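The values are calculated or read from the model by the stated rules, or taken from the named source; none is laboratory data. Just so we're clear, the structure is a prediction, and the values are computed from it rather than from any experiment. Note that each Cβ is placed from the backbone with ideal geometry, even for glycine, and that neighbours are counted across all protein chains shown. Quick note on the areas: whole protein, heavy atoms, side chains included, nothing else; ligands and nucleic acids left out. Shrake-Rupley method; radii C 1.70, N 1.55, O 1.52, S 1.80 Å.
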Amino acid sequence: MSWLNLYELEAIAKHKVEATAFDYIASGANDEITLRNNVESYKKIQLVPRRLASNKQPNTAIELLGQKMDYPILIAPTAFHGLSHKDAELGTAHAAKKTNTTMILSTLSNTTIEDASVAGANMWFQLYIFNNREITLELVRKAEEHGYKALVITVDAPILGKRERDIRNQFHLPSHLSIANLAMHMDAAQLDEHKSASSLEIFFQEQLNNELSWDDIHWLTSQTNLPIILKGILHPEDAKLALQSKIAGIVISNHGGRQLDTEITSIDALPAIAAIVKEKMPIILDGGIRRGTDILKAIALGANAVLIGRPIVWGLADEGIDGSIKVINFLQEEFKQSMQLVGCKNIKELSNEFIYQDSN
Ligand SMILES: Cc1cc2nc3c(=O)[nH]c(=O)nc-3n(C[C@H](O)[C@H](O)[C@H](O)COP(=O)(O)O)c2cc1C
């Protein structure tokens, strides 16, 4: 049976993967308040459409970091696509290629940087900064060599958030999957150790830079010509610091509600950050986007593009490459429809004039 919306797809995906894997994908931190708010916060925002202003083919195209994109929709970096489908990240990359969508490959992928590039999609690489700068640089060089067009540095995970479902399930990677990009830096025994979620936590504690600072970011910008985007910004002061550095853009994100529970949702953080950034660098946003109107609201409030996390993986779990393609097409189509219904011919016209501001 085919699905009509992403909530239905989520219910289907739940039965297509191992229960513990589904929990790993679905879970948020602690009480999962931010996880729920991510979806709920969009529902509270009301649109105020213009009439007699619609266009049969609204122009949904954007340019981001000089890269032309048909829609302001990219694939978020999410770990371990092999949990959802045997094709893992290569499958997702094929879906990205088929839909002309940019994919951000996670450091924690089951497919290597080089293998995921084979699909020929427009690829960016999400980088965790390791204590060992050589490992960090090795990943950067691989991304450069294999044609990745940007580095997305995740700055909201100095440590792993507390995900109680994973702790309860003692979640671990099945034996046929590995953290492919790091396999050569861990001997088999270590990999075994790092297969459980608690070991994933140890991995974060031991291998990743738990004291990541602006100095590390400045160091990285001196090491590569690739544009660097910081993922996980929520505070306007951090956006200000990003503007003062050599950063090419930011992703407003709470990591899908998986890190600090009760932190602000991206859509609520957006207006204050947009007021500071004033179009001086691109703002990307993610978390809880399930409808075309969610994308429209994000753009109207000042984002240049959005990332989609879990729904892509649900699609992969449901029907592999075709399933992820369906998710992307669904969001593209709904976004286009919402532009038509709100009365907007191209993305540049989208502004907070379409958003109801409660003056009380
Ligand atoms: C299963 C899963 C794994 C994730 N892995 C990563 C990761 O490796 N690196 C990263 O920067 N963000 C990771 N994220 C966060 C996503 O990039 C993104 O911020 C989030 O999923 C967006 O919310 P959404 O799932 O509601 O669309 C992960 C999220 C999920 C659900």
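The smallest convex shape that holds all Cα atoms of segment 6-349, its convex hull, gives 121 Å³ per residue. Helical runs assigned H by DSSP (4 residues or longer) give the chain a calculated mean residue ellipticity at 222 nm of -12500 deg cm²/dmol, each run adding -39500 (n - 2.57) before division by the residue total. Reducing segment 79-155 and segment 251-304 to their Cα centroids gives an inter-centroid distance of 22 Å.
Once the Cα-Cα distance is subtracted from the 0.36 nm per residue extended length, the LYS68 to GLU144 segment shows a gain of 25.4 nm. Quote to one decimal, in nm, the extra length available between GLU333 and HIS15 on full extension: 0.36 nm per residue of separation minus the C-alpha distance between them. So the chain would gain 111.9 nm between GLU333 and HIS15.
Here segment 285-320 is scanned for amide nitrogen atoms under 18 Å from the site 7 Å beyond the Cα of GLN357 along Cα-to-Cβ, giving 297-303. Here the calculated FRET efficiency for LYS44 and SER245, from their Cβ-Cβ distance with R0 = 41 Å, stands at 0.80, rounded to the nearest 0.05.
Amide H contacts of VAL251: LEU230, LYS231, GLY232, ILE233, ILE284, each under 5 Å away and 5 or more positions distant or on a separate chain (H built 1.01 Å from N in the peptide plane; Pro and chain starts excluded). So if R0 is 51 Å, what FRET efficiency would ASN209 and LEU52 give, r being the distance between their Cβ atoms, rounded to the nearest 0.05? Rounded to the nearest 0.05, the efficiency is 0.40.
Close amide H partners of LYS162, meaning residues 5 or more places away or on another chain with modelled amide H under 5 Å apart, are ASN30. Taking the protein heavy atoms of segment 225-360 in the context of the full set of protein chains, the accessible area attributed to carbon and sulfur is 49 percent at 1.4 Å.
Computed with a 1.4 Å probe over protein heavy atoms only, the accessible surface of segment 6-349 comes to 42 Å² per residue. Between the amide H of LYS149 and those of MET123, TRP124, PHE125, distances stay under 5 Å, these residues lying 5 or more places away or on another chain, with hydrogens modeled in the peptide plane.
Report the antiparallel proportion of the DSSP beta bridges in the chain as a percent, rounded to a multiple of 5.
In the chain, DSSP labels about 20 percent of beta bridges as antiparallel.
Structural descriptor for the chain: relative contact order 27 percent, calculated from alpha carbon pairs under 8 angstrom and at least 6 residues apart. Only Lys, Arg, Asp and Glu carry charge here, each on its Cβ (+1 for the first two, -1 for the last two); on that basis the chain has a dipole of about 1380 debye about its Cα centre. Split the accessible area of segment 1-74 by element, probe 1.4 Å, and carbon with sulfur accounts for 50%.
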